[in-house]
Amino acid sequence: MDEERLEAAVGMSRKWDAHEAGKEVARGVIQKLSSPPSFFLLFSTIHYDKHGGFEEFLNGVWDVLPEGTPLIGGTVAGFMNNYGCYTRGATALAVSYPNMDVAVGVGHNTKRSPRKAGKTVTKKIKPKLDKSKFQNKFLFTVISGPTLPKSKMFGTMKIIKDTKSSKILSKLTNVSTRMNQIGLGRETEVLNGLCEEMMDYTLLGISSNDDNKYLSHYQFFNKEFYKNSVVVLGFNTDLKICLSTSYGLKPTGEKAKITGSENWNYIVKSLDNKPAVNVFFEKTGISKEIITEGNIHRITPFLPIGCTHNDGTLHPYPVASFLGNYLLFGHDTVSTEIEFLSASGESLINAVDESIKSLPKNPCFTLISSCAGRLETLGKEIYQVRSKIMNEIGDNFLLLYGLGEERKDSMKPPHLLQESFNVASFY
Amino acid sequence: MRDDPIAVVLDDLLKLDDVLACMVARCNMISVMPTNDSFDPQVNQVWDIIHRAMDDVFGVIREYSQAGLGEIEFRMQDFETLFYIFPDTENALVAIVPALANKGLIEVEMENARREILKIMGEQEKDKMLATA
């Protein structure tokens, strides 16, 4: 590694006006670099949709950013950096380093044709990176996360108590996802398409989000912004890449078997041949009446179910919606054997230590993806997470809170996770 | 009021979709309001009853803030009122949000506002001490 020639910088804006915020966040980064960035990661909350729009936001960024800089990013529920923790604003991280070959790509219609979208990106970036002389390979992905279909009859479909509606709601979710691209994120299929020919890459990523209303979110690619797309930054470098994941979840010993599922395994219809919703409340021991539209996503992250992938990776699933008798999850179940897990605020915060302390000290820069459910659950306590990160890895980091976390070790299958804390550090 | 930096912090908080009203207040007294002095019309309809309940809560704050009371919230009708108490004082940053709002996300920005206001209060206190020295 050519330590003297590596520069990383984090920028930040709290301005409300989209154009001004774009300019400020880019200026904050560029001023700290002595040479043009090799890439630029840009994230914001959804607020700029109503305060000038994302076209103006990107115009502001490109008023400052050198022409041709590879840029990807998207909207997230919140973020954390060396400046603080925020659920409103914009942030960016850029790196300038000569020993790095960079390519960016975009694929569209991730909810209708997810595998194809992933493969499209591979076709764009792989040929460029294959020519690189550098051996360490990394992908950073931003994939459009799920959105909740809204209907006059069922509202935003977080909690539907009428058990007779289960079948129609499942059907509606499927049709809405494929036809209108409002519904399930299908990020696993995007990742499978993307990684099929790029198995030797390490990957970290985030699913885009809004302010946890799950209605509308965006992905940024150079000067454009999109919906229902996947944007990817790939680079080959001589930097050492370390990836670590932790959860802070405890097994309760309560187990069940998925005996009926559909919609790409996002919907679990039955557990142990009984209605899945009934088994959930029976095994977790909480009363159905406790969960409301207002608190569902503050409670279910404490009571996720867990499946273990055949490569040993734990997939936690906080319940996204109760659809009659069915449970809807934010990503596809990867095994039929499940265990009920539990979490506390303390265990979620302490999971940070597990990830970060397992990595070597003093990284050049660090990217972290975590779950918006953890942010919603911890609220202002995420400042404790920030203190832990700052103590261990210093200033050059970006933590993003999205609707799903993507991670992959080199030569292993990719995973879409939820309720996880994933750190990629570069040395 | 217009030049008050605390009012500017409140302006920022009030721009969030789910913050319907916010203020820095103590028992029987609103110390600082956002610059345009206006709340979401939804709150105006229930303001009288929320205001009365707030005064009762400030009684609790007065009693326990020295003991480390940091936050209180209450839910009335379709609204939640959040109190972020400034340490060792009877003052709190108060926000009224819809009962179904994503409170975790709002909490983060409430905390940012509380930190900024504390910083401003500290600077104001320092200026006062310099002026009287």
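The values are calculated or read from the model by the stated rules, or taken from the named source; none is laboratory data. Keep in mind that what you see is a predicted model, and the values were worked out from it rather than measured. Cβ: placed from backbone, ideal geometry, glycine included. Neighbour counts: every protein chain shown. The protein model used for the area step is the full one, side chains on, heavy atoms only, and it has no ligands, DNA or RNA in it. Shrake-Rupley method; radii C 1.70, N 1.55, O 1.52, S 1.80 Å.
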- [ ] Using amide H atoms built 1.01 Å from N in the peptide plane, name the residues 5+ places from A:PHE365, or on other chains, whose amide H lies under 5 Å from its own.
- [x] A:PHE426
Open item on the list: I want the local charge near A:ILE30. Using Cβ-Cβ distances under 13 Å, sum +1 for each Lys or Arg and -1 for each Asp or Glu among the other residues.
Closed with: -1
Task: Rg ratio (alpha-carbon, reference 2.2 N^0.38 Å) - segment B:5-132 - done: 1.03
TODO: Give the Cα extents of the protein assembly as shown along the principal axes, in whole Å, largest first.
DONE: 69, 63, 40
Open item on the list: Inside 10 Å of the C-beta atoms of B:93-106, what's the mean count of C-beta atoms belonging to other chains?
Closed with: 5
Task: Residue-by-residue Karplus 3J(HN,Hα) for segment A:143-156, coefficients 6.51, -1.76, 1.60, Hz, glycine and proline x - done: 10, 4, x, x, 10, 8, x, 10, 10, 4, 6, 10, x, 8
- [ ] Could you tell me which trypsin sites (Lys or Arg not before Pro) in segment A:303-376 are loop residues by DSSP with no more than 12 other beta carbons within 10 angstrom of their beta carbon?
- [x] A:LYS361
Task: Peptides ranked, highest mean first, by Cβ atoms within 10 Å: ranges A:267-274, A:7-14 - done: A:7-14, A:267-274
Task: Stretchable slack from A:LEU215 to A:LYS255, in nm (0.36 nm times residue separation minus alpha-carbon distance) - done: 11.1 nm
- [ ] For segment A:361-376, state which residues have at least 20 Å² less accessible area in the presence of all protein chains than in their chain by itself, taking the probe as 1.4 Å and leaving out ligands, DNA and RNA.
- [x] A:GLU376
Open item on the list: Computing the accessible area with a 1.4 Å probe over protein heavy atoms, can you report the carbon and sulfur percentage for segment B:5-132?
Closed with: 49 percent
Task: Hydrodynamic radius by Kirkwood, which averages 1/r over all alpha carbon pairs of segment A:356-421, in angstrom - done: 13.0 Å
TODO: Kindly sort A:TRP264, A:TRP62 by accessible area of their heavy atoms, largest first, with the probe set to 1.4 Å.
DONE: A:TRP264, A:TRP62
Open item on the list: What does the buried accessible surface come to for A and B, summed over both chains, with the probe at 1.4 Å? Round to 100 Å².
Closed with: 1900 Å²
Task: Gain upon complete extension [A:ARG5, A:SER342; 0.36 nm per residue less C-alpha separation] - done: 116.8 nm
- [ ] Convert 37 °C to kelvin, take the viscosity as 0.692 mPa s, use the Kirkwood radius over C-alpha pairs of segment A:1-132 as Rh, and evaluate the Stokes-Einstein diffusion coefficient in µm²/s, rounded to a whole number.
- [x] 208 µm²/s
Open item on the list: Helix-only estimate, please: 222 nm mean residue ellipticity of chain A, summing -39500 (n - 2.57) across DSSP H runs of length 4 or more and dividing by its residues, to the nearest 500.
Closed with: -7500 deg cm²/dmol
TODO: Would you mind working out the magnitude of the charge dipole of chain B relative to its Cα centre, with +1 at each Lys and Arg C-beta and -1 at each Asp and Glu C-beta, to the nearest 20 Debye?
DONE: 240 debye
Task: Average projection area in nm² (convex hull over Cα atoms of segment A:299-419, one quarter of hull surface) - done: 8.2 nm²
- [ ] Please give the per residue accessible area of chain A, computed with a probe of 1.4 Å over protein heavy atoms only, in Å².
- [x] 36 Å²
TODO: For segment A:162-243, build the convex hull from the C-alpha positions and give me its volume per residue in Å³.
DONE: 164 Å³
TODO: Starting with the highest mean, order A:183-193, A:20-30 by the number of other Cβ atoms within 10 Å, averaged over the residues of each peptide.
DONE: A:183-193, A:20-30
